[in-house]
Amino acid sequence: MSQKAQNSPLMANRDDFINPNTSSPVTVSDADSFLLDSSQIGSASGSFQNEGFLSGADGAAAAADAEFGFSRPDFRQTPLVGTVDFYERHVFLCYKNPQVWPPRIEAAEFDRLPRLLAAALTARKNDVKKQTRLTICEGHDGTETSNGDVLIFPDMIRYRRLTHFDVDTFVEEVLVKDGEWSPGNPEALTGWYIFVCCHGSRDRRCGVCGPAIVSRLLEEIESNGLQGKVSVSPCSHIGGHKFAGNVIIFGRNTHKEVSGHWYGYVTPDDVPQLLEQHVAKGEIVDWLWRGQMGLSEDEQKASQQHRLSINGGTDMDRGTVNSNDVDIRTCGSQLEGTGCCQANGNISCCQTTQPSVDADNFNLNQENAEFTTEKKSSFKRQISRSSSGKGTRSRKVCSMPTWYESWEREDTYAVLAVVGAAISVAYAFNCYRQLK
């Protein structure tokens, strides 16, 4: 990562990024997130520049990373799967930016719109049929995510310019009655939406890790020509600070169903793998997977166990598992200098690098936003860069041999086996003739 990127406002805050693809009752975030009966509203209150965690001297930045970043002692020390509370719908309110988010934006006196929306959802929690989570994401007037815009997942729709005058009507018509808000025509969303928790005023771990991940995502999207196809936004607290960096990915799977997947302990070096495996190929990166919108904690664990058992294993050594039960395996990240396939916690790795994402593999402008995975030859550019954030430990992401390499090796083994068998038969027959 460049020095300029590290000193940007994006790098200065480390708390929350938001996901636009899950749905659940009303949930308001508290220390981790308020859970109001069947409703969940996630609060947004972080800022990239909050407390200037990353804007100080190099020594201060390194110290912050050692205590709160990817080098912190508790990083990747807790199992991830099954750590997402059940919910069915995720509502994102675009509002200002992490630099000005207070720790509890849903309760902030001067942030009227998020406060009133959270209060209205809480008041109507018994009437909302779907468990709904509310999160704040970054908003900038005059952009695709202007202040007051509302993104709803899995509906994949956007409402423009909600104001505090419209909150009660919006909640009634859209979230209670599951209808349309007449003042604003819903716009269909296409492509993929990625939210990263950067709520630094809420928790320093998110404030340190989140901005570095956002910067790497934006960098990869630009270098691979994915602008307009993959959207990235910082968001407020979503729960699970200890799993920072926290990432949520919303998009349609190969069955054209919208799903929202949560990832934890993500580092900037894991970004290419998430784009290639999850977004481009539809493969869940299981070793970073926390869970999924629409599944209970037990169902999340059972889902992962099912995928791993189908692929011939029950541990996490394989890295990623194809979400459509295809036996494609990819290694995860590894501390530089660790031997091939030596465990890093519960993760084992190899030494090769991972191919980047090719824009040709994306077909996001169509209504169904379905991705193709046929052009495997397009994944040629190798990623060998270390983490770009200061103080971040250098990691390597690797892929297992391709189908061609596997075929070539297996074919060689088969030929050797046939030749060996033929020699054995000839030798045995020769001995038999000599005995006669």
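The values are calculated or read from the model by the stated rules, or taken from the named source; none is laboratory data. In this text, all values refer to a predicted model and were calculated from it rather than measured experimentally. Cβ: placed from backbone, ideal geometry, glycine included. Neighbour counts: every protein chain shown. All accessible areas refer to the heavy atoms of the entire protein, side chains included, with ligands and DNA or RNA removed. Shrake-Rupley method; radii C 1.70, N 1.55, O 1.52, S 1.80 Å.
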Under the Karplus curve 6.51 cos²θ - 1.76 cosθ + 1.60, θ = phi - 60°, whole-Hz ³J(HN,Hα) for region 191-204, x wherever Gly or Pro sits:
x, 10, 10, 10, 10, 10, 6, 10, 7, x, 6, 8, 8, 5
Peptides ranked, highest mean first, by Cβ atoms within 10 Å: ranges 131-142, 417-428:
131-142, 417-428
Calc'd 3J(HN,Hα), region 224-238, phi into Karplus 6.51 cos²θ - 1.76 cosθ + 1.60 (θ = phi - 60°), Hz, glycine/Pro = x, comes to 9, x, 9, 4, x, 10, 10, 9, 10, 8, x, 9, 7, 3, 10
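Going down the table (Lys96/Lys177; Lys125/Lys256; Lys256/Lys281; Lys177/Lys301; Lys256/Lys301), which pairs top 25 Å between alpha carbons? Display every interim value, and only then the final one.
On the way: Lys96/Lys177 28 Å; Lys125/Lys256 30 Å; Lys256/Lys281 13 Å; Lys177/Lys301 32 Å; Lys256/Lys301 23 Å.
Correct reply: Lys96/Lys177; Lys125/Lys256; Lys177/Lys301.
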Is the shape of region 131-266 best called rounded, prolate or oblate, per the rule: a/c under 1.5 gives rounded, else a/b larger than b/c gives prolate, else oblate, with a ≥ b ≥ c the square roots of the Cα gyration tensor eigenvalues?
prolate
Taking H as built 1.01 Å from N, whose amide H comes closer than 5 Å to the amide H of Leu189, not counting residues under 5 places away?
Ile157, Arg158
Give the carbon-plus-sulfur fraction of the accessible surface of region 153-308 in %, rounded to a whole number; probe 1.4 Å, heavy atoms of protein chains only.
45 percent
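Which of rounded, prolate, oblate describes region 79-163, given a ≥ b ≥ c as roots of the alpha-carbon gyration tensor eigenvalues and a/c under 1.5 marking rounded, otherwise prolate only if a/b is larger than b/c? Before the final figure, lay out the partial values.
Numbers: a/c = 1.39, a/b = 1.36, b/c = 1.02.
Rounded, because the longest to shortest axis ratio a/c is under 1.5.
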Here region 82-93 yields Karplus 3J(HN,Hα) values (6.51, -1.76, 1.60; θ = phi - 60°; whole Hz; Gly and Pro given as x) of x, 9, 10, 5, 4, 7, 10, 8, 10, 10, 10, 9
